[in-house]
1. Under the condition of being more than 14 Å from PHE52 (Cβ to Cβ) and open to solvent by less than 30 Å² (accessible area, probe 1.4 Å), which residue from the range 95-105 is farthest from the chain's Cα centre (by Cα)?
2. On the basis of being surrounded by fewer than 14 Cβ atoms within 10 Å (Cβ to Cβ) and either farther than 16 Å from LEU77 by Cβ or in contact (Cβ under 8 Å) with a residue 24 or more places away in the chain (or both), does PHE3 make the cut?
3. Can you tell me which residues in the range 94-118 are in contact with a Cys (Cβ under 7 Å, 6 or more places away or on another chain) and not acidic (Asp, Glu)?
4. Does VAL175 qualify as being closer than 24 Å to LEU223 by Cα and of a type in the set (Val, Ile, Thr)?
5. Scan the range 1-30 for residues that are in a loop (DSSP other than H, G, I, E, B) and within 15 Å of LEU66 (Cα to Cα) and report the count.
6. Just name the residue that is nearest to ARG153 (Cα to Cα) out of those in the range 76-89 that are among the charged types (D, E, K, R) and open to solvent by 30 Å² or more (accessible area, probe 1.4 Å).
7. Using beta carbons and a limit of 7 Å, which pairs, at least six apart or on different chains, have the first residue in the range 78-105 and within 21 Å of ARG20 (Cβ to Cβ) and the second one in a loop (DSSP other than H, G, I, E, B) and open to solvent by 40 Å² or more (accessible area, probe 1.4 Å)?
8. Please name all residue pairs, on different chains or six or more residues apart, with Cβ atoms under 7 Å, provided the first residue is in the range 177-193 and is surrounded by 20 or more Cβ atoms within 10 Å (Cβ to Cβ) and the second residue is of a type in the set (Asp, Glu).
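The values are calculated or read from the model by the stated rules, or taken from the named source; none is laboratory data. Just so it is clear, the structure is predicted and the values come from calculations on it, not from any experiment. Note that we place each Cβ from the backbone using ideal geometry, even for glycine, and neighbour counts take in every protein chain shown. Protein only, heavy atoms only, side chains kept; ligands, DNA and RNA dropped before computing areas. Shrake-Rupley method; radii C 1.70, N 1.55, O 1.52, S 1.80 Å.
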Amino acid sequence: MEFTDAYKQTGPCCFSPNSRFLAIAVDSRLFIRDVVSLKVVQLYSCLDKISFTEWALDSEYILCGLHKRPVIQVWSLTQPEWTCKIDEGPAGISHARWSPDSRHILTTSDFQLRLTVWSLVNTACVHVPYPKHGSKGVSFTQDGKFAAICTRRDCKDYINLLSCQTWEMMGVFAVDAIDLADIEWSPDDSAIVIWDSILEYKVLIYSPDGRCLFKYQAYESALGVKTVAWSPCGKFLAVGSYDQMLRVLNHLTWKTFAEFTHISVVRGPCNATILKEVDEPLQLDMSDLRLTDDLPHKSQGNCPENSPEQHVRVRYKVVDAPISLPFQKPHPDKPNPKQGIGMLSWSNDSQYLFTHGWREAKPTFANSPPAKMGWRHIQLVICRDTAEKREFIDFIGYIESAKDENFPSSSRTCRSHLLLGLEQKIHLNATLQFVLLKRVFYRLN
């Protein structure tokens, strides 16, 4: 594994959508480097320290947010002399995002007073009063022609539909939600899903004309929905909740298609291969090392044997079932408990689903093949224990034919290779080769 030289960084760092450039913030300066050679392509100086950056989808523009000032500065890679500054004045700026056409910027003012659409073409702006959220509550169609924005007025939640060409209001309708959490267009742009806050389990499917297609509520009187994601094909909707359950709805009847649980006990007999992560002290053979007279001898206290820091080697040990994954229930008096399905991601072919659930657990992972109902159910549980926080990671997938001969068996998929990454988002590719989570690649084959 090869590493580049270290470069100074004090702010955000992000790749361009076309993967050709890397933006690195150093105080008030923004360095644009070529990904291959890492040479500086452009250098921009902002008015203050850079708090966040975001690339336009066409990778020609990049915006910089300055938290100390209610200002957004925009830079062009193709026209370095071109500059743009967006200042909301006393209203402030809490969040900024690009529109799909890469020629408009949407900013949300402090206290959600208004959402403003700024044009980079003719310097025009459009205001949408009372957006529900600052950094979420906005979703665009796949073709980029329409936008759905959540608003709230008179203690009632609404969905505003806007045209991304003229930014005119196309329609407004109220939703049956107590406290709307977020919104998402379906991949085929035929439906809109919204879900309530964690205090109320409620998932609502709406058509673009405002008709409620389906209302889903798995249970009551408990913490509800935590995350929602459409499958790339648009035929399935995955809902992760605080009860450690993942529920998948189909797009025809909107009924529950499948349910998966983050297991806490792997019972036998089963075909699962369970590997436990073990740390072993790294033994270095220093018998062949000799100090010459030219080198000064170090003191006894500086010898590696007496050093308080000890190098360790990580290996995986096969564990027999049954095995219980230790966890601790969250404290009832503390808000925002770390439990439930916090993140999930579909594979590109919509056949596999990766989920991340919070638990207090020790390092263990399991890979179990078939399940019930004629579906092949793979579950990869990876638990990593650190001093600051503990995570429980669960991979759930299925394939239509349980007799598929091309599907890898547990003996061939239990191997795990860790590769360093740069991103912090979960990503599962269509070939099921890599899972990216928290700056670490988990290779599955």
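1. So in the range 95-105, the residues more than 14 Å from PHE52 (Cβ to Cβ) come out as 99-104.
Pick out the ones that are also open to solvent by less than 30 Å² (accessible area, probe 1.4 Å) and you get 99, 102, 104.
Working: SER99: 20, SER102: 22, HIS104: 24 Å.
In this case the residue turns out to be HIS104.
2. Values: surrounded by fewer than 14 Cβ atoms within 10 Å (Cβ to Cβ): yes; either farther than 16 Å from LEU77 by Cβ or in contact (Cβ under 8 Å) with a residue 24 or more places away in the chain (or both): yes.
Spelling it out, PHE3 is indeed surrounded by fewer than 14 Cβ atoms within 10 Å (Cβ to Cβ) and either farther than 16 Å from LEU77 by Cβ or in contact (Cβ under 8 Å) with a residue 24 or more places away in the chain (or both).
3. Start the filter on the range 94-118 by keeping residues that are in contact with a Cys (Cβ under 7 Å, 6 or more places away or on another chain), which leaves 99-101, 116-118.
Once the filter is applied, which keeps residues that are in contact with a Cys (Cβ under 7 Å, 6 or more places away or on another chain) and not acidic (Asp, Glu), the range 94-118 yields SER99, PRO100, THR116, VAL117, TRP118.
4. Numbers: closer than 24 Å to LEU223 by Cα: yes; of a type in the set (Val, Ile, Thr): yes.
When the stated conditions are applied, VAL175 passes them.
5. To start, the set of residues in the range 1-30 that are in a loop (DSSP other than H, G, I, E, B) comprises 1-12, 16-20, 27-28.
With within 15 Å of LEU66 (Cα to Cα) added as a condition, the list becomes 10-12, 27-28.
The number of residues fulfilling the criteria is 5.
6. Pass one, the range 76-89, residues among the charged types (D, E, K, R): 81, 85, 87-88.
Checking which are open to solvent by 30 Å² or more (accessible area, probe 1.4 Å) leaves us with 81, 85, 87.
Values: GLU81: 42, LYS85: 30, ASP87: 25 Å.
The qualifying residue nearest to ARG153 (Cα to Cα) is ASP87.
7. So the pair list comes out as THR78/GLU60; TRP98/LEU57; PRO100/LEU57; SER102/LEU57; SER102/ASP58; SER102/GLU60; ARG103/VAL121.
8. So the pair list comes out as ALA177/ASP157; ALA177/ASP196; LEU180/ASP157; LEU180/ASP196; ALA181/ASP196; VAL193/GLU184.
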